[in-house]
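Visitor: Quick one: the structure is below, and I'll ask about it shortly.
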Amino acid sequence: MSGMPAPWPRADFEQRLRALGAGYHIHHPFNRMLNTGRATPEQIRGWVANRFCYQVAIPVKDAAILSNCPDREVRRAWIQRILDHDGFEIGGVKDEGGIEAWLRLAQATGLQREEVLDQRHVLPAVRFAVEAYVNFARRAPWQEAVCSSLSELFAPEIHKERLANWPEHYPWIEPGGLAYFRQRVSQARRDVEQGLEITLGHFNAPALQERALAVLQFKLDVLWAMNDALAQRYGVS
């Protein structure tokens, strides 16, 4: 019908999604402090311990997406994300997964495994933000939950920064503890390809595209709010 707005072409839509990266938590003062070598051991341990709450929620979020998704082909690909984080042992092939790698990061910073696992250091605001994200994934249309995962568009950059800078800035952290960041560089790229294909294909009308931008902004706000809580508790130097 004449006069109806046209959807953005795929390339323009993707560019608009990527433009939201200006609000990614890599730019938060707390993260800038971490990645420029100004953080104290207490601040680093506080970040690692609190971030674990988010790490263990990722496969729960992905399981929620699977439970709502009727598309077999999407499920067959998406399930890899759960295996990446929870780990697996199938047919003699074993991968301990990202959650275990994060626990090793915690130990490399001087935290005890038990104090991270029981989440005794997790701030209420961090827990609230993480639970809000998981609840969104449970209740939203599965395509919106997929779209929310596109914060991974910006993740490889932050992982590469940590790999490049942390050994120099924080030589007291055991180098093996940085394995999580190394493995997520390639995994995040693969996940982005899948999430983008679904998002660009499904959100193909003006109102849907605007909704996709709002969903991704919500996820970025979740990550930013977590850093706000950390900055309030541990300070920014």
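Visitor: Tell me, which residue of region 112-166 that is at pLDDT 95 or above and among the basic types (Lys, Arg) is most open to solvent (accessible area, probe 1.4 Å)?
Guide: Residue satisfying both the conditions and the ranking: Arg139.
Visitor: Counting only residues that are acidic (Asp, Glu) and in a helix (DSSP H, G or I), how many does region 66-101 have?
Guide: Matching residues across region 66-101 total 4.
Visitor: While we're on this one: Considering every residue within region 73-96, establish whether at least one is free of Cβ contacts under 8 Å to residues at least 24 places away in the same chain and either open to solvent by less than 20 Å² (accessible area, probe 1.4 Å) or in contact with a His (Cβ under 9 Å, 6 or more places away or on another chain) (or both).
Guide: Yes, region 73-96 contains a residue that is free of Cβ contacts under 8 Å to residues at least 24 places away in the same chain and either open to solvent by less than 20 Å² (accessible area, probe 1.4 Å) or in contact with a His (Cβ under 9 Å, 6 or more places away or on another chain) (or both).
Visitor: Do we find a residue being at pLDDT 95 or above and closer than 20 Å to Ala64 by Cβ anywhere in region 178-195?
Guide: Looking through region 178-195, at least one residue is at pLDDT 95 or above and closer than 20 Å to Ala64 by Cβ.
Visitor: Among (1) touching a Pro at 6+ places or on another chain (Cβ under 6 Å); (2) not in a loop (DSSP other than H, G, I, E, B), where does Asn204 come up short?
Guide: In the conditions (1) touching a Pro at 6+ places or on another chain (Cβ under 6 Å); (2) not in a loop (DSSP other than H, G, I, E, B), Asn204 misses (2) alone.
Visitor: Moving on to the next point. Can you pull out the residues in region 29-64 that are among the polar types (S, T, N, Q), more than 17 Å from the chain's Cα centre (by Cα) and either under 25 Å from Asp86 (Cβ atoms) or crowded, with 19+ Cβ neighbours inside 10 Å (or both)?
Guide: Gln43, the sole residue that qualifies.
Visitor: Give me the pairs: first residue in region 6-28 and over 16 Å from Cys147 (Cα atoms), second residue among the basic types (Lys, Arg) and open to solvent by 40 Å² or more (accessible area, probe 1.4 Å), beta-carbon distance under 8 Å, and six or more apart or on different chains, which are they?
Guide: Trp8/Arg16; Ile26/Arg32
Listed here are the residues, each with its yes/no results for (1) out of contact with any Ser or Thr (no Cβ under 8 Å at 6 or more places or on another chain); (2) of a type outside the set (Phe, Trp, Tyr).
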{"residue": "Glu152", "(1), (2)": "yes, yes"}
{"residue": "Ile158", "(1), (2)": "yes, yes"}
{"residue": "Trp166", "(1), (2)": "yes, no"}
{"residue": "His169", "(1), (2)": "no, yes"}
{"residue": "Gly177", "(1), (2)": "no, yes"}
{"residue": "Phe181", "(1), (2)": "yes, no"}
{"residue": "Ala188", "(1), (2)": "yes, yes"}
{"residue": "Val192", "(1), (2)": "yes, yes"}
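Visitor: Quick check: anything in region 34-42 closer than 12 Å to Gln209 by Cα and acidic (Asp, Glu)?
Guide: No; the residues of region 34-42 include none that is closer than 12 Å to Gln209 by Cα and acidic (Asp, Glu).
Visitor: Quick one: Leu213 ticks every box in (1) assigned to a loop (DSSP other than H, G, I, E, B); (2) over 22 Å from Asn50 (Cα atoms) except a single one, so which number is it?
Guide: Of the numbered conditions (1) assigned to a loop (DSSP other than H, G, I, E, B); (2) over 22 Å from Asn50 (Cα atoms), the odd one out for Leu213 is (1).
Visitor: Would you mind telling me which numbered condition in (1) within 17 Å of Gln187 (Cβ to Cβ); (2) over 16 Å from the mean Cα position of the chain (by Cα) Ile99 fails?
Guide: Result: Ile99 passes all but (2).
Visitor: Might you let me know whether region 220-232 holds any residue that is under 25 Å from Ala6 (Cα atoms) and either in contact (Cβ under 8 Å) with a residue 12 or more places away in the chain or of a type outside the set (Ser, Thr, Tyr) (or both)?
Guide: no
The values are calculated or read from the model by the stated rules, or taken from the named source; none is laboratory data. This structure is a prediction, so every number in the text was calculated from the model and none was measured. Every residue, glycine as well, gets a Cβ built from its backbone with ideal geometry; the counts of neighbours run over all protein chains shown. Just the protein is used for accessible areas: all its heavy atoms, side chains included, with ligands, DNA and RNA removed. Shrake-Rupley method; radii C 1.70, N 1.55, O 1.52, S 1.80 Å.
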